[in-house]
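Take a look at the structure set out below.
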Ligand SMILES: [Zn+2]
């Protein structure tokens, strides 16, 4: 909810102020303009905006379309309670009424907004008293929204990735914000490019823009979280590893940094900060960057953007007039070739590589072009298929981005409109200033998998999403963990399914899984050799299949390998690969295995260092003995963990066979015995694992014996 946010308690406020003081002393001001005074005036202006209403919708479908069309007006969605909260002109009220909406005033939301602005102003005043003259939001965290990185924190994190991982990440300067072009502070427009530069070749590219609308707090942090997943996951997460090796991810994390700085000060700022529009000191100034793109700019007769400089959807005086938009357009044109014809009805070829996602909040939508007309694009079916895949992960509504009426000059213009690259807008969450609790528990975990899926299919986003998904790839013998010695056969098991679509808006057809294969190290697109996998139930005939097969590890070099698994459906289309690590080692895996025969003290396994031993027993005549040369004064702790269906007992003896301790618990229970050597000299201590019941073979009768001293 946009305006419902935790009030500061006195102690919380005190702590927040203390943290702010530290932040101010640690970081210099970001710009030289009189930011503090500007922000104070803007907050006063924002409190004068009281044309805020509850709009009760006639039905949910109309509400979602209104949320697209009135994205710029929307302040809060309460779908469960039947209304949206919107800032509306009298004309807009009339439009909504014509679609069946009932309009009421919303004083409680105005009050909550004012409370927040007052709190932030108080915090700014307190900072100023502490000596931070003329600064305001140059502090490094947003009060009460500490989970959202500020522009400075975002840039510092991206720079740190590139510095620490120069082979994997590059922090590029691709242009200037409007303020920077004017010498009014401002920022560089910067892209974090993530790929393993040690691996060459033509790599498909996923380009993500976030925070083009300043107040959409969650968007840039989600992009940064995706960067974190890729870079921190390299070498530890198999999918992150192959994506970084074989694909490129380009993140324009802060697409509207000047405006973002306003929003970090508590303002519901959407546009850039261009003082040429709507008056230099107005808090309605600036151009809506997401209506300023050149492709189909101002193409819908005034419906899809505004010519009024003070409106939240002001399109700017000319196509791509704003430097932020120029930077995005130039970058998109530099990383993607043109695969689409010049006419609106032309489609890009099915094998077109690359993808652009513009991340917004809020409304819980996955959208694709066109936004200017209800006619689908020539790639509409494929865009819909991938949209329903993405929406499977976040649970949002997938639909073409045409609302109650069109939008024009939007960010998918250069990517899809000009070049034919698959383009999506994802509307995260349910408020602009989303609580950190909601972001961390819901928005982030639901949307990170959608971005990962996008990164997996970017080689052919119009084709691969109609193939099956592979999940839960596991290798036997702990081959992905401790590893196996060369030549050890490894069993692979996984699941393949064609059911992972969001089916809430229309029905995406699903197909039977008809084949699966694995590749070691060299993926299918690089000419790797396929290893055919089998259906676990004997036949490939349903939309979800267990799959299994055997990997030969003979001849594989020592080290960590990647196993790629993919599955196809009845149409013959292969889905994206899912990977798992295969470790080849010349070290016998940790945990020592008992050596038979060891049925007597005289044949005991000698244990020289503390550790764990794995054993198996299946007959009442069986005993396993271990011997430790226990130093004087030391205590030997023996812990016997049986598998759940077995019952073994544990005894400790001295060299003469005198019992020093025992534990005889039941099936599945852990036995433990501790004995201290009080003899004054080192002494042999014999540990006996005795079969009691339950184990019927090597598989069923297993235990782990831990020995520590
Ligand atoms: Zn937006």
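Odds and ends about this structure:
- Neighbour-count order for 202, 195, fewest beta carbons within 10 angstrom listed first: 202, 195
- Label-to-label distance for residue 202 and residue 491 is 4.2 nm, based on points extended 7 Å past Cα in the beta-carbon direction.
- Taken as Cα centroids, segment 332-366 and segment 171-233 sit 18 Å apart, rounded to the nearest whole angstrom.
- Ordered by the number of other Cβ atoms lying within 10 Å of each residue's own Cβ, fewest first, 76, 427 fall into the sequence 76, 427.
- Spin-label model distance (nm) - residue 658 vs residue 184, 7 Å beyond Cα toward Cβ: 9.2 nm
- Helix 444-457 axis versus longest C-alpha principal axis of the chain: approximately 90°, rounded to the nearest ten.
- Ellipticity at 222 nm from helices only: DSSP H runs of n ≥ 4 in the chain, each -39500 (n - 2.57), divided by the residue count, give -7500 deg cm²/dmol.
- Efficiency of FRET between residue 156 and residue 672 - r from beta-carbon atoms, R0 41 angstrom, step 0.05: 0.25
- Rounded to 0.05, the FRET efficiency of the residue 111 and residue 437 pair, given R0 = 22 Å and the Cβ-Cβ distance, is 0.50.
- Length gained on full extension, residue 446 to residue 550: 34.1 nm, using 0.36 nm per residue less the C-alpha separation.
- Put the Cα centre of segment 273-329 next to the Cα centre of segment 382-398 and the gap is 29 Å.
- Protection proxy ranking, peptides 157-163, 417-423, average beta carbon neighbours within 10 Å, highest first: 417-423, 157-163
- Neighbour-count ranking [beta-carbon atoms within 10 angstrom, fewest first] of 404, 74: 404, 74
- At 1.306 mPa s and 10 °C, Stokes D of segment 467-584 from Kirkwood alpha-carbon radius, µm² per second: 109 µm²/s
- Global size of the chain as Cα Rg and Dmax, reported in angstrom: 31.4, 101
- Counting only alpha carbon atoms, the long axis of helix 323-335 and the longest principal axis of the chain meet at about 50°.
- Distance between the C-alpha centres of segment 460-527 and segment 556-616: 21 Å, rounded to the whole angstrom.
- Principal-axis tilt of helix 10-26 within the chain, Cα atoms, nearest 10 degrees: 90 degrees
- Between residue 59 and residue 536, the simple spin-label model (points 7 angstrom out along Cα→Cβ) gives 4.2 nm.
Computed from the coordinates by the stated procedures, all read-outs in this text should not be read as laboratory data. Values in this document were obtained by computation on a predicted structure and should not be read as measured data. So basically every Cβ, Gly included, is an ideal-geometry build from the backbone, and we count neighbours across all protein chains shown.
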